Amino acid sequence: MINITLPDASVKSFEKGTTPFQVAQSISEGLARQVISAKFNNETVETTTPLTTDGSLVLFTFKNDEGKQAFWHSTSHVMAQAIQELYPGVKLTIGPSIENGFYYDVDLGDHKISENDFPKIEKRMLEIARGKHDFKMREVSKDEALEFYKNEDNKFKVELIQNLNDGDITFCDHDSFTDLCRGGHIPNTGFIKAVKLMSVAGAYWRGDENNEQLTRIYGISFPKQKELKEYLKLLEEAKKRDHRKLGKELGLFTFSQKVGQGLPLWLPKGAALRERLENFMKKAQEEAGYEAVVSPHIGQKELYVTSGHYAKYGEDSFQPIKTPNEGEEYLLKPMNCPHHCEIYNAESWSYRDLPKRFAEFGTVYRYEQSGELHGLTRVRGFTQDDAHIFCTPDQLDAEFKKVIDLVLYVFGSLGFENFTAQVSLRDPENQEKYIGSEENWQKAENAILNAAKEKGLNYVVETGEAAFYGPKLDFMVKDALGRQWQLGTIQVDYNLPERFELEYKGSDNEMHRPVMIHRAPFGSMERFIAILLEHTAGNFPLWLMPKQAIVLSISEKYENYSKKVLSLLKNNEIRAAVDHRSETMGKKIRDAEMDKIPYMIIIGEKEIEVDKIAVRKHGGEDLGQMTVEEFAQIINTEINRDLKTFEV
């Protein structure tokens, strides 16, 4: 007998050789019908894998991310089979699952595949799926594996196998198809009920532009046709909300080939939006005891060698700037933290002076590959709402919790209500990735876990996701379309204080190292605004809107009254403008709707007679006539509802 521990900590005994599917059956037949993947002792296994030792078992359905990954990886096998049958002689390479779906890279030889070919490939995939073919894993020797793919004349698979060890090589079979695979499949092809191929693109073998160019085919699949329809509907909505499209329509930002790829230019409306976000954060930071600092856009290469950033990120940075002085090199700043360490080092500190909280909206530069650039979410120059807190070890817990409060305030004021926290720890099996002592890492990891528990956060623990210098707490936010984004991060760092020899005099008159907390609730201004744009579809909270109201007069003879109304609105600190154009009222209203202006103020004969304004809300709701003071009250009520009070 073996003992299996389930996620609820219950332990059940089974005969040796019992499979995850049989464990699911012992819980309920309904679960057994839905379970498609499993993990045993944190290793991915098939639902048909015999369990031979005591251990912990987690069962996954399509509702779990792990279940989706197994589902999509399995479908990539089915797509590969269909392509191989329809296009004889093609060479298969790799076919992983990705965040939404899967892809397979294929050397098509003399064949070509375009989106016009998708229907016939999808049709064959569904025919294969209906066969309910089991996915079966089997171990093969290195010689057997090499022989198999040499017979197929597939040099790509041969290259992969040559880098594997004998005893670690497995094949997956289903129907008449065999593929080199490490595992992680659904029980059989019959679970796949809906398939959609999404796009076709070029890709280099192993991502190296010096290698052969392959054809990459992307797809997605679901256990129900209804789920595919819902997904495609969501995609259409996502296209409408694309921040690149909305940014152009709303006149927020642009890009210029002459300026350079990945370097956004902020237009007046976008600059005003950024400024409001910055002022919002600066006010909260001031109340929380932060002090503003400013650091240059470049620094000596040696600064980043000392911090460790050059060793870790040197390849992703812009190349060093050489000066006329022999051996003198500068880098465009990839991080703000080394500069802030030197600001701390500019003075001597006592334990009575700590914590010191240095904040800066600092612009940094990373040389992202051109193929990875994407609107504002992946750029080469971006501004972080960075701050670094230098505190004593005894202050760490309280300071970390205060930063959590600040992040929650930001999310609450901007409408991000659906989020989880991720505690990112180092990988104990790969410690060469990290700098610093075992003792300091344990202290830092425990501090984050304790703060997350005590603040009542809904959090998960991810091993291996820590920064190279310390563990972190990341906030994973779901937007209005249910997509997950990482927004806001807090990191505990015992290592940079060591590298920069930061000190303070303790109550014992001895010198001690401070602990450093890195934090950025927005992350980067560019990425945050992009996500906020897509989350709100451009309908920002009223307090943030570049223009809160537009005054529309029915004809030119009401212009003087319109100017008077505008003056009263500005006196009430309402951001407004008058549309002076000689257009029809219908055209003015349509344009205001397109610009997503929250309120339209209509001025005509009736309004002048009673010294009032007629108010129409974005979306078409008519609020009727009212005085400017009554309208100002509506505005203030809405702003106060959305803009939370920050309590230190």
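The values are calculated or read from the model by the stated rules, or taken from the named source; none is laboratory data. Note that this is a predicted model, so its numbers are computed, not measured. Here the Cβ positions follow ideal geometry from the backbone for every residue, glycine too, while neighbour counts run over all protein chains shown.
The table that follows gives values for the structure above.
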read-out	value
Any hit, the stretch 467-487, residues being in a loop (DSSP other than H, G, I, E, B) and of a type in the set (Phe, Trp, Tyr)	yes
Scope the stretch 155-202; condition small (Gly, Ala, Ser), within 16 Å of residue 95 (Cα to Cα) and in contact with a Leu (Cβ under 8 Å, 6 or more places away or on another chain); matching residues	202
Residue among 160, 235 that is hydrophobic (A, V, I, L, M, F, W, C) and more than 30 Å from residue 138 (Cα to Cα)	235
Every residue from the stretch 217-258 that is assigned to a helix (DSSP H, G or I) and among the acidic types (Asp, Glu)	227, 230, 236, 237, 249
Of residues in the stretch 349-379 being among the small types (Gly, Ala, Ser) and within 25 Å of residue 287 (Cα to Cα), the one nearest to the chain's Cα centre (by Cα)	362
Complete set of residues in the stretch 272-301 that are of a type outside the set (Lys, Arg), in a helix (DSSP H, G or I) and touching a residue at least 24 places away in the same chain (Cβ under 8 Å)	272, 273, 277, 278, 280, 281, 284, 285, 287
Residue within the stretch 493-507 that is on the phi > 0 side of the Ramachandran plot and in a loop (DSSP other than H, G, I, E, B) present	yes
Test result for residue 569, in contact with a strand residue (DSSP E or B) (Cβ under 7 Å, 6 or more places away or on another chain), touching a residue at least 40 places away in the same chain (Cβ under 8 Å) and at negative phi	yes
Flag for residue 469 being touching a Phe, Trp or Tyr at 6+ places or on another chain (Cβ under 6 Å) and either of a type in the set (Gly, Ala, Ser) or assigned by TED's automatic domain parsing to the domain that holds residue 280 (or both)	no
Unique match (being within 30 Å of residue 448 (Cβ to Cβ) and buried (at least 23 other Cβ atoms within 10 Å of the Cβ)) among 513, 519	519
Residue check for residue 304: buried (at least 19 other Cβ atoms within 10 Å of the Cβ), in the same structural domain as residue 263 (by TED's automatic domain parsing), closer than 18 Å to residue 497 by Cβ and at pLDDT 90 or above	no
Every residue from the stretch 193-226 that is under 15 Å from residue 98 (Cα atoms) and of a type in the set (Phe, Trp, Tyr)	218, 222
Given (1) surrounded by fewer than 18 Cβ atoms within 10 Å (Cβ to Cβ); (2) in contact with a His (Cβ under 9 Å, 6 or more places away or on another chain), number of the condition residue 356 does not satisfy	(1)
Output for the stretch 546-566, where each listed residue is more than 9 Å from residue 601 (Cα to Cα), among the hydroxyl-bearing types (Ser, Thr, Tyr) and in contact with a helix residue (DSSP H, G or I) (Cβ under 7 Å, 6 or more places away or on another chain)	558, 561
Residue 122 vs. criteria surrounded by 15 or more Cβ atoms within 10 Å (Cβ to Cβ) and of a type in the set (D, E, K, R)	yes
Complete set of residues in the stretch 525-559 that are under 17 Å from the mean Cα position of the chain (by Cα), crowded, with 21+ Cβ neighbours inside 10 Å and not basic (Lys, Arg)	525, 526, 528, 529, 530, 531, 532, 533, 534, 535
Condition check for residue 607: buried (at least 18 other Cβ atoms within 10 Å of the Cβ) and of a type in the set (Asp, Glu)	yes
Candidate set: the stretch 174-211, residues that are touching a His at 6+ places or on another chain (Cβ under 6 Å) and among the charged types (D, E, K, R); chosen: the one nearest to residue 222 (Cα to Cα)	175
Sole residue being touching a helix residue (DSSP H, G or I) at 6+ places or on another chain (Cβ under 6 Å) and of a type outside the set (Asp, Glu), chosen from 263, 273, 252, 277	252
